[in-house]
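Report on one structure; see the data block that follows.
The values are calculated or read from the model by the stated rules, or taken from the named source; none is laboratory data. What you see is a predicted model, and the numbers here were worked out from it, not measured in a lab. Glycine also receives a Cβ, built like all others from the backbone with ideal geometry; neighbour counts cover every protein chain displayed.
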Amino acid sequence: MQIFDELKNYAKANKVPIIRDESADFLLEIARKSNAKNILEIGTAIGYSGTLLLNACPNANLTTIEINEQSYKKAIKTFEETGISEKVKAILGDAKDVLIQLVEEKKQFDFIFMDGPKGQYVNYLSDCKKLLKHGGVIFADNVFLHGLVNSNQPIKHKHRAMVTKMRKFLEVIQNDAELEVTIFNIEDGIAVLKKK
Ligand SMILES: C[S@@+](CC[C@H](N)C(=O)[O-])C[C@H]1O[C@@H](n2cnc3c(N)ncnc32)[C@H](O)[C@@H]1O
């Protein structure tokens, strides 16, 4: 679809990170396979992956969280232009707070796309598990952090906290008896977590 090319061009021109092509194909494959109906996305950016997801899962609705107002506004436009606004609840805010609020509201999702701040995945996990139905799936992108996560080399100070937290996330999920976890060596690394 032309809109996806436009969004990719906009993302490139404005340095907005969006999901890469192979990872996007895999995201849609997993979302379709899990028969996603209620999707939560952390990190809307400009609405690229959200629109892809609803295009691939036409019976689904999407709740998506973004902290950056400019991106949020662009995403709202994307959802309007693609005619999916009625199926999208776009929330402007810090995912940390919004997740707590969604848990308080007892919301349930069957598919969660974790794509917000990489150092926060480990902190979001507990709320995401509460928000996920049994049999539901969390799809976490960029878990290799451009090779830094598996590197034996000293990590630069500016990346250290994020790398430490991502390593913790990977350790925690792989030791969580409630989750079935597979790490895929696709582009920047993808963790797929199924809640038993
Ligand atoms: C990798 S981008 C998301 C890309 C999008 N999912 C896509 O593929 O089209 C990550 C997004 O998370 C947002 N973000 C960063 N920190 C956040 C936070 N604390 N709460 C919510 N969103 C956040 C960023 O502004 C950015 O737009």
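Below are the figures for this structure:
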| read-out | value |
| --- | --- |
| Unique residue being surrounded by fewer than 16 Cβ atoms within 10 Å (Cβ to Cβ) and not β-branched (V, I, T) when the list is G93, G119 | G93 |
| Residue count for the range 11-28, restricted to those that are in a helix (DSSP H, G or I) and either closer than 20 Å to E41 by Cα or of a type in the set (D, E, K, R) (or both) | 10 |
| Selection count, the range 100-120, where residues are among the hydrophobic types (A, V, I, L, M, F, W, C) and assigned to a helix (DSSP H, G or I) | 3 |
| Number of positions in the range 39-64 that are among the small types (G, A, S), within 16 Å of I138 (Cα to Cα) and within 13 Å of the ligand (Cβ to nearest atom) | 3 |
| Of residues in the range 100-120 being closer than 23 Å to S23 by Cβ and among the charged types (D, E, K, R), the one nearest to the ligand (Cβ to nearest atom) | D115 |
| Test: residue in the range 137-154 that is more than 24 Å from N185 (Cβ to Cβ) and modelled with pLDDT of 95 or more | no |
| Filter result (in a helix (DSSP H, G or I), within 13 Å of the ligand (Cβ to nearest atom) and either more than 15 Å from the chain's Cα centre (by Cα) or among the acidic types (D, E) (or both)) within the range 79-99 | F79, D97 |
| Filter result (among the polar types (S, T, N, Q) and either crowded, with 22+ Cβ neighbours inside 10 Å or farther than 26 Å from K33 by Cα (or both)) within the range 96-116 | Q101 |
